[in-house]
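Here is the structure we will look at, set down as C-alpha cells.
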Amino acid sequence: MTTPAPDLPEFSQKTADAMVAMSDKVGGLPGYLGITINEMTPGMLRASMPVREELLTIMGAIHGGVMAGLVDHALGCVLYPLMKPGQWAATTEFKINYLAAVKSGVLLAESRVLSCGRRSAVVRVEVVNEDRLVCVAQGTLLISDPPGARKP
C-alpha cells in the first residue's frame, strides 16, 4: 500500500537552504556527534553522521543514545522549513527500534513528516548504515510560537 502524501504547511526553501548550509557549524550534541543535514525538501530531510570510535560501546557498536540523538535531531529539524518564522519544535515523545548493530561507516537518516498541524506534528525516521536499515523511529513534536506571540 502506498501512503498518501500529507497536507503540509507552506515550505520555505530559504529556511531549508540556510539549515543545510549551516548544519556543519552547529554546536551542542548535534555538533559533537558530527551530524550534517545534506538535503531538505517539503516534509523530508536527509542527514548523515560518521561513526567514530568514541561513539562506540565497550562491545564495539554505536551506543543507543548516540542513535537516539541523531533521530531526535532529524525529527525536529525537518519541521523548521514548514513552520512560521520564530516558531520552534520540541520532541514530546518518540519510539525507536534498533534493528542492527552499527560498528563503522556512516549513518544516513531520512525523516519524513507524516502529519503537521498548527500545534503538533508526527515524523518518521529511518536510519541506514552500509545499505542496511539499522533503526526506525516515529515521534510527536510540539510546535510552539515565540514568547509573546498573539494566540488566534
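If I fit a long axis through the Cα atoms of helix 13-22 and take the longest principal axis of the Cα atoms of the chain, what angle between them do I get, 0 to 90°, rounded to 10?
Computed tilt is about 30 degrees.
Suppose only helical runs count, i.e. DSSP H with n ≥ 4. What mean residue ellipticity at 222 nm does that imply for the chain under -39500 (n - 2.57) per run, divided by all residues and rounded to the nearest 500 deg cm²/dmol?
The helix-only estimate for the chain comes to -6000 deg cm²/dmol at 222 nm.
Could you please state, rounded to a whole Å, how far the C-alpha centre of segment 80-100 is from the C-alpha centre of segment 1-63?
11 Å
Pairs of Cα atoms under 8 Å, at least six residues apart: use those to get the relative contact order of segment 1-113, whole percent.
Relative contact order for segment 1-113 comes out at 32 percent.
Suppose each label sits 7 Å from its Cα in the direction of the beta carbon; what would the Gln87-Ala21 distance come out to in nanometres?
2.3 nm
Note down the magnitude of the dipole of segment 13-144 about its Cα centre, charges +1 on Lys and Arg C-beta and -1 on Asp and Glu C-beta and zero elsewhere, to the nearest 20 debye.
Roughly 460 debye for segment 13-144.
Specify, per residue and in Å³, the volume enclosed by the convex hull of the alpha carbon atoms belonging to segment 49-151.
Hull volume over Cα atoms, normalised by residue count, gives 104 Å³.
How far is helix 64-77 tilted, in degrees, relative to the longest principal axis of the Cα atoms in the chain, given as a value from 0 to 90 rounded to the nearest 10?
Taking the Cα atoms of the chain, the angle to 64-77 is about 20 degrees.
Can you tell me the length gained on complete extension of the stretch Lys14 to Leu99, counting 0.36 nm per residue apart and subtracting the Cα distance?
Contour length minus Cα-Cα distance gives 27.1 nm.
Normalising by the residue count of segment 31-80, find the relative contact order in percent from Cα pairs under 8 Å and 6+ residues apart.
Normalised by residue count, the contact order of segment 31-80 is 34 percent.
Students often forget the sequence filter, so: which aspartates and glutamates lie under 19 Å Cα-Cα from Lys95 once same-chain residues fewer than 8 apart are removed?
Of all the aspartates and glutamates, those that pass the test against Lys95 - Cα under 19 Å, at least 8 places apart if same chain - are Asp72, Glu110, Glu126.
What nm value, rounded to one decimal, do you get for the distance between Thr41 and Asp131 when each label is placed 7 Å out toward the C-beta?
2.3 nm
All of the numbers you see were taken from the coordinates with simple rules; none came from a lab. Since we're looking at a predicted model, the values are computed, not measured. Don't worry about glycine lacking a Cβ; one is built from the backbone with ideal geometry, like all the others, and counts go over all protein chains shown.
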